[in-house]
Amino acid sequence: MVLQNDQERTEHFNKMSLKFSEFYKGKTMILPKVPIRDLGAFSYWYTPGIAAVSTHISKDPESSFELTGRWNSVAIVTDGTRVLGLGNVGPEAAMAVMEGKALIFNYLGGVNAVPVPIRTRTKEEFISVAKALEPAFGGFNLEDIESPKCFFILEQLQKELSIPAWHDDQLGTASIILAGLINALRVVGKKIPDARIVLFGSGAANVAAAHLLMAAGFKGSNIIIADSKGILHPEREDMDALMLNNPWKYKLAMLTNGERRKGPSEESFKGADVIISAARPGPDTIKPEWIKTMNSDPVIFALANPVPEIWPHEAREVGARVIATGRGDFPNQINNSLIFPGVFRGVLDARSRGVNFKIMVKASYEIANFVEDPTEERIVPTMENWELYPQVASAVARATVDEGLARRTNSTEGFYKIAREIIEENRNAYRKLLDGNVIKKLPEMN
Amino acid sequence: MDFKLELGKLEENDIEKVLDLVLRLKKLNQEFDSIFEVNEDSREDAIKLLKGIAADRECYFAQVAKSKGKIAGVIVAEFRKRVFYLPPMEARILEIYIMPEFRRSSVGQLLVDSLYTECKKRNIDLVTAEFPSLNVIALNFYKKMGYREIVSVYGKQIKK
């Protein structure tokens, strides 16, 4: 019954999306942000005057962050190999999704995000193109790249670029998982160093989450990773293939599962406090009887979309205390949009050279602490909490200063003021475009 | 390394477990080159082969490293005559495999060193190793220990 509603709703959104996309022909545009009173203005906005700016930057490339829009520009780079749940649909098809992402970047974070779907075949080619694009941007958001290619690309770009590289499917999801987990444990009264966590599914998000959880003080020995091949442990048959093709997951086999538990994936539930599932869409991927084998007050994150691995009511019936999903129509939506606009606002405001796990942990705590009295039904904020974004931004910006990555320093309060002002100005400008009918009204649905 | 290792000769009661390690090595070779597709029905023959190696200590050197009774790694080498060349004998490493948990802890070096000790006893001063050309992990392992390429084996599959 619920599935049917969900299908109907999805079909409705599909129709709207197609109709509106045809009507608007793109979701963002470039508008001037400087006054052009007459054509003489181009003598300083363009040639000959602009040569002086160019000469200045040529002598001091870092000044490109102050004399051009680079400071607030982010490239959303994808090769279109793993777009939403659609798979490898190619870069042209990915463009529509990247435009949507750019819209969220701008609307929630005041960031000028540019969709850049690229036609590359190998990871080396992708890295080479991304590096070539660096001079135009203050940060890279990598998006919808197949695993394990995405790990190689992110790691290499983080090493080689002097601007932050973020892969939202890894880092964004991992950060919001951590934020939700911090509050879920507060609700059930369990401590981070004691919590026994199962990461169910070993795709990009859960592999990144495992590394982030350890950076946040969770004990590797208390974490178990399970996937379609069973529980991950150093003697599993596929270890050598992982060593070659997915060294990040290979490394986790050594660092996690202290008791060296073996067996099918459901064995991982026994004695666990928390299940974080980013696995095959449900509703029968997680069986209620598995939850019964968990410790008291189980916490279940069933994050598969569009259908969670187990319906929340089914998990509740067998004793789950806190249940989170990836959906907005249930309580506790684990949603990347709560994290990436604020993170990018922060790294851009600090003109950061990079982003790391320590900074992500700060961002996660900021989100968790934003919820004053977490409850079973409210462990994370919702997207409507506008105050969240400048708050996350200022915590992130300050963390980049503490990590020695910032080009520009300020206090947390100072960064908060900057972020809030940028986001508000952007929102006001947008409102004016909307109110002045520069942005056309939505067409009627037939 | 934060584990204690014991080295010892391959004994008959270790053969089943050692075979698992050897098969892992063969599957790793398969990852690099499909010409080394592992024959899943080979277990019985492989056990016979390992039993022969364990029994023939004159011609073979088969050593296992154990940690708390668990096999951490294995090396198998064959002592060969070089009829046309000098020096007249060589020790050829045929298999070496370390379980993932025990890697990056010099277990491989320890096993190779145990072969060197045996070679000294036998007055053999040439050690060679064979592995698939595309297995870059093996290639790097031996290069790091000062080995260089001395023989090439070329292959081609012909139509049946």
Return the sequence-ordered ³J(HN,Hα) values of region A:319-336 in whole Hz as given by the Karplus equation 6.51 cos²θ - 1.76 cosθ + 1.60 applied to θ = phi - 60°, using x for Gly and Pro.
x, 4, 7, 10, 10, 10, 9, x, 9, x, 8, 10, x, 6, 7, 7, 10, 4
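Please identify the chymotrypsin sites (Phe, Trp or Tyr not before Pro) of region B:1-88 that satisfy two criteria: DSSP loop assignment and at most 10 other Cβ atoms within 10 Å. Which are they? Each step should come with its number before you reach the end.
Values: sites: B:F3, B:F32, B:F36, B:Y60, B:F61, B:F79, B:F84, B:Y85; in loops: B:F3, B:F84, B:Y85.
Qualifying residues, ordered by number: B:F84, B:Y85.
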Name the residue from A:I76, A:G26, A:S43 whose Cα lies farthest towards the positive end of the charge dipole of region A:24-163, charges +1 on Cβ of Lys and Arg and -1 on Cβ of Asp and Glu.
A:G26
Against the empirical 2.2 N^0.38 Å scaling, what ratio does the C-alpha Rg of the protein assembly as shown come to?
1.16
Listed by chain and number, the residues whose amide H is under 5 Å from that of B:E95, excluding neighbours fewer than 5 places away on the same chain and using placed H, are B:V76
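List the GluC sites (Glu not before Pro) within region A:256-360 that DSSP assigns to loop and that have no more than 16 neighbouring Cβ atoms inside 10 Å.
Values: sites: A:E259, A:E266, A:E267, A:E289, A:E309, A:E314, A:E317; in loops: A:E259, A:E309.
Filter output for region A:256-360: A:E259.
Using a 10 Å cut-off around each Cβ of peptide A:206-218, what is the average number of partner chain Cβ atoms that fall inside? Please list the in-between numbers first.
Details: counts 0, 0, 0, 0, 0, 0, 0, 0, 0, 0, 0, 0, 0.
Whole-number average of other-chain Cβ neighbours for A:206-218 is 0.
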Three-way shape call for region B:6-144 based on the alpha-carbon gyration tensor, with the a/c threshold at 1.5
rounded
Using amide H atoms built in the peptide plane, which far-off residues or other-chain residues are under 5 Å from A:I231 H to H?
A:G263, A:S265
Once you place label points 7 Å from the Cα toward the Cβ at A:Y430 and A:K27, how far apart are they in nm?
1.1
Fewest-first sequence of A:L161, A:L108 by Cβ atoms within 10 Å of each Cβ:
A:L161, A:L108
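Counting only other chains, and only Cβ atoms inside 10 Å, what mean value do you get across the residues of B:21-29?
Working: counts 0, 0, 1, 4, 1, 0, 4, 5, 1.
Across the residues of B:21-29, the mean count of other-chain Cβ atoms within 10 Å is 2.
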Relative contact order for chain B: what is it in percent, counting Cα pairs under 8 Å that are at least 6 residues apart?
20
Counting only helical runs of four or more DSSP H residues, what would the 222 nm mean residue ellipticity of chain A come to if each run contributes -39,500 (n - 2.57) and the total is spread over all its residues?
-14000 deg cm²/dmol
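Under a Cβ-only charge scheme (Lys and Arg +1, Asp and Glu -1), can you give me the dipole magnitude of the protein assembly as shown about the Cα centre, in debye to the nearest 20? If you can, show how the numbers build up before the last one.
On the way: 80 positive and 79 negative charges, 245 e Å.
Once rounded to the nearest 20, the dipole reads 1180 debye.
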Going by C-beta contacts inside 10 Å, put A:S147, B:S34 in order with the fewest on the left.
B:S34, A:S147
Mind ordering A:61-73, B:117-129 by average Cβ neighbours within 10 Å, highest first?
A:61-73, B:117-129
Please state the shape class of region A:19-101: rounded when a/c is under 1.5, otherwise prolate if a/b exceeds b/c and oblate if not, all from the C-alpha gyration tensor.
oblate
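What FRET efficiency comes out for the pair A:H56/A:S162, r = Cβ-Cβ distance, R0 = 25 Å, nearest 0.05?
Numbers: r = 19 Å, r/R0 = 0.75.
So the FRET efficiency works out to roughly 0.85.
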Find the centroid of the Cα atoms in region A:121-168 and in region A:67-109, then give the distance between the two in whole Å.
13
In whole angstrom, the spacing between the Cα centers of region B:79-107 and region A:201-215 equals 39
On the formula 1/(1 + (r/R0)^6), with r taken between the Cβ atoms of B:N123 and A:K358 and R0 of 45 Å, the FRET efficiency rounded to 0.05 is 0.20
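What is the mean number of Cβ atoms from other protein chains located within 10 Å of the Cβ atom of each residue in peptide A:237-248, rounded to a whole number? Display every interim value, and only then the final one.
Numbers: counts 4, 1, 6, 10, 4, 1, 5, 5, 1, 0, 0, 0.
Mean shielding by partner chains, rounded to a whole number: 3.
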Across B:K9/B:K120; A:K219/A:K262; A:K292/A:K358, pairs whose alpha-carbon gap is larger than 25 Å
A:K292/A:K358
Pull up all non-local amide H partners of B:V127: gap of 5 or more, or a different chain, and H-to-H distance under 5 Å with H placed in the peptide plane.
B:A91
Where nothing but the Cβ of Lys and Arg (+1) and of Asp and Glu (-1) is charged, how large is the charge dipole of region A:38-155 around its Cα centre, in debye to the nearest 20?
140
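How high is the relative contact order of region A:239-374, in percent, counting Cα pairs under 8 Å that sit 6 or more residues apart?
On the way: 159 pairs, mean separation 20.5, N = 136.
Over region A:239-374, the number comes to 15 percent.
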If each part is reduced to its alpha-carbon centroid, region A:33-58 and region A:352-382 end up apart, in Å, by 42
Tensor-based shape of region A:323-446 (alpha-carbon gyration tensor, a/c under 1.5 rounded, otherwise prolate or oblate):
oblate
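Only the coordinates and a few stated rules stand behind these numbers; no lab work does. Because the structure is a prediction, the values reported are computed rather than measured. For neighbour counting, all protein chains shown are included, and Cβ atoms are generated from backbone atoms with ideal geometry for every residue, glycine included.
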